[in-house]
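The values are calculated or read from the model by the stated rules, or taken from the named source; none is laboratory data. Note that the structure is predicted; figures quoted are calculated from it, not measured. Virtual Cβ from ideal backbone geometry, glycine too; neighbours counted across all protein chains shown. The protein model used for the area step is the full one, side chains on, heavy atoms only, and it has no ligands, DNA or RNA in it. Shrake-Rupley method; radii C 1.70, N 1.55, O 1.52, S 1.80 Å.
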Amino acid sequence: MILTITNLNKQYGNGVHALKDVSLTIEKGMFGLLGPNGAGKSSLMRTLATLQEADSGSVTLGDIDVLKQKDEVRKVLGYLPQEFGVYPRTSATDLLHHLAILKGFENKKERTEMVEYLLQKVNLFEHRKKAVSSYSGGMRQRFGIAQCLIGSPKLVIVDEPTAGLDPGERNRFYNILSEIGEQTIVILSTHIVQDVRELCTNMAIMDKGMLLYSGTTDDALAEIKDRVYEKRVEKSDLLKYQEEYKVISNKLVGGKPQIHVFSELPLNSGFTKAEETLEDVFFAKLNALI
């Protein structure tokens with residue numbers, strides 16, 4: 001099954017043009033959607049999840065018209081928003097049963113087998129009788145994955161899923177997402193570049209409602225290969241370097257700014273060649289350097 005997005009537009013009543021002629025083709029596997037806050041990622045995710053209307057454009061999932069056949073989309077959709085609420089005193093088992101009933105699973109035996117399977121899959125079976133509201137952040141996110149896998153969806157959307165997770169929970173979450181991506185389309189919307197590099201073969205970069213890049217992570221890195229240089233500079237000299245060079249980014253290392261610079265020509269004057277990263281691509285695209 002293939003998700004095809006063509007010339008999608010969305011403008012809110014306050015004048016913000018959240019989506020500007022966005023076109024993407026997404027096949028089975030993990031697809032990373034990168035962008036800063038306000039890039040339009042959540043607007044795109046909410047549109048695909050049938051939570052808001054688009055102003056124009058088209059979206060198809062196989063032979064389903066996503067913008068017109070919302071009930072058909074919801075039958076094959078798994079959605080994990082950035083934040084989701086739960087009933088205060090409801091156990092994981094009871095809540096999954098409730099959500100499965102809402103999704104049309106009326107046979108109790110079939111539903112019970114599915115709920116137990118999902119809790120095993122996300123490593124929450126031994127905590128199944130505890131209230132989801134008492135779970136840690138990582139456990140709640142794993143429960144979120146379990147609920148969005150009800151009914152073996154063809155499209156799974158996860159919005160900023162690893163924000164606030166400790167490294168151990170983040171790794172567990174990565175492993176679950178990778179396994180899901182072997183069977184279905186998984187769209188991972190995030191501003192964390194590392195998430196995309198570690199999980200996704202294909203990706204897109206958005207900013208201010210526009211698509212800046214779409215392709216493989218390897219092709220993105222190839223665009224800047226051997227053209228990224230780094231240097232530690234004095235804070236007082238930072239502005240001078242930003243005026244003189246195509247500075248991709250800067251961060252403090254040992255109390256001094258370390259700049260990454262994009263250059264087609266070799267740089268001397270204390271610069272050393274840096275190993276290009278997806279973060280370099282991300283910032284270079286946002287700053288229109290490539």
For this session: Name the residue, out of 133, 152, that is assigned by the TED database to the domain that holds residue 91, hydroxyl-bearing (Ser, Thr, Tyr) and on the phi < 0 side of the Ramachandran plot.
Result: 133
Problem set entry | Among (1) open to solvent by less than 80 Å² (accessible area, probe 1.4 Å); (2) outside any helix (DSSP H, G or I); (3) more than 26 Å from residue 8 (Cβ to Cβ), the one test that residue 88 misses | (1)
Seminar exercise, completed: In the stretch 199-213, anything under 21 Å from residue 177 (Cα atoms), in a loop (DSSP other than H, G, I, E, B) and open to solvent by less than 20 Å² (accessible area, probe 1.4 Å) is listed as 200
Problem set entry | Selected residue (criterion: modelled with the highest pLDDT) from residues of the stretch 139-180 that are surrounded by 20 or more Cβ atoms within 10 Å (Cβ to Cβ) and acidic (Asp, Glu) | 159
Problem set entry | Subset of the stretch 214-235 [open to solvent by 80 Å² or more (accessible area, probe 1.4 Å) and under 18 Å from residue 194 (Cβ atoms)] | 218
Problem set entry | In the stretch 17-59, residue least open to solvent (accessible area, probe 1.4 Å) [restricted to those that are more than 27 Å from residue 176 (Cβ to Cβ) and of a type in the set (Gly, Ala, Ser)] | 18
Problem set entry | Filter result (modelled with pLDDT of 90 or more and among the hydroxyl-bearing types (Ser, Thr, Tyr)) within the stretch 190-222 | 201, 213, 214, 216, 217
